[in-house]
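Reviewing the structure listed below.
Each value in this text was obtained by applying a stated rule to the coordinates, not by laboratory testing. This structure is a prediction, so every number in the text was calculated from the model and none was measured. Neighbour counts are summed over all protein chains in view; Cβ atoms, including those assigned to glycine, are modelled from backbone coordinates with ideal geometry.
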Amino acid sequence: MKKGFLLSLITILFISLLSACSSMTGADEKQVVKIGVTGSDGQYWDLIKEKAEKEGIEIKLIEFSDYTLPNQALAQGEIDLNSFQHIAFLKQFKKEHKLDLVPIGTTVIAPMGIYSEKYKDVADIPKGAKIAIPDDPSNQARALKLLEAAGFIKLKDGFGLFDDPSGIEENKHNLEIIPMTAQQTPRVLEDVAASVINNGVAGQAGFVPNEDAIFIEDPNDKRVQPYINIFAARTEDKDNPVYKKIVEIYHDPEVEEAVKKDTNGGSIVVNTPINELQDIIK
């Protein structure tokens, strides 16, 4: 009887110990979230990682070399989120590639600029000059709108978010507009009069947008709302609480200040509710 009682007591204690260890292990486990980016040099990502760690989330940044890869990787489950694109780009890309992706939160507006190694003012660019612009549909249209704002061209009425140079009604300066992969636009500066360069690509090339661009978008213009950058997820994960927490962390005041510092004020943090974001998309 005593031996049986002792054996039962030992068994109960052993099971309790295993249960306690299991609970501790579960508490210590972190949710790993892979986020696709096209540039991770900013110190604000370190701050986001640090704050996420306190919430039991381990963020791993997966860097991609161009804009065509992060959405495919997200759709295929190779990453959990991506943070590199604006709303207009996502809308067009997922339509072309039939991907089931959605924005789950906003990050920044990163104004697009005109850059030149030869001229310090857009007024100095001569007629007949070569101008490089990004060739993906959303950024190509955005670049053409910027050239119109700079006074070089006039676009047709109803020019849309994904139109191309055929939508130019008047080319006042007889510019030779050369579409190319976005990452190439800073690399050809010595061969062209100027390049229209995405903010992120300009930063990777060593430019400070607010200082080096000879003409830049007005971030307060409502017409640039389709170019609000976002976190994207698979539609099935749009309500994932861990992913929502990461969006929340991005808008922590310390992180927002770090974004401003890292980009020399070139990126403006935008915290737009998802319902408003959907209206912008429509």
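Once region 203-216 is narrowed to residues that are over 18 Å from D121 (Cα atoms) and out of contact with any Pro (no Cβ under 6 Å at 6 or more places or on another chain), the residue that is surrounded by the fewest Cβ atoms within 10 Å (Cβ to Cβ) is G206.
Within region 246-282, being of a type in the set (V, I, T) and within 15 Å of the chain's Cα centre (by Cα) holds for I246, V247, V259, T263, I268, V269, V270, T272. Within region 37-60, the presence of at least one residue that is hydroxyl-bearing (S, T, Y) and in contact with a strand residue (DSSP E or B) (Cβ under 7 Å, 6 or more places away or on another chain) is confirmed. Could you tell me whether G151 is touching a residue at least 24 places away in the same chain (Cβ under 8 Å), within 16 Å of Y119 (Cβ to Cβ) and in contact with a helix residue (DSSP H, G or I) (Cβ under 9 Å, 6 or more places away or on another chain)? Spelling it out, G151 is indeed touching a residue at least 24 places away in the same chain (Cβ under 8 Å), within 16 Å of Y119 (Cβ to Cβ) and in contact with a helix residue (DSSP H, G or I) (Cβ under 9 Å, 6 or more places away or on another chain). Within the bounds of region 136-152, is there any residue that is in contact with a strand residue (DSSP E or B) (Cβ under 8 Å, 6 or more places away or on another chain), crowded, with 23+ Cβ neighbours inside 10 Å and in a loop (DSSP other than H, G, I, E, B)? Yes, because at least one residue in region 136-152 is in contact with a strand residue (DSSP E or B) (Cβ under 8 Å, 6 or more places away or on another chain), crowded, with 23+ Cβ neighbours inside 10 Å and in a loop (DSSP other than H, G, I, E, B).
Can you find, within region 168-202, the residue that is surrounded by the most Cβ atoms within 10 Å (Cβ to Cβ) among those that are in a helix (DSSP H, G or I) and out of contact with any helix residue (DSSP H, G or I) (no Cβ under 7 Å at 6 or more places or on another chain)? Filtering first and then ranking leaves G200.
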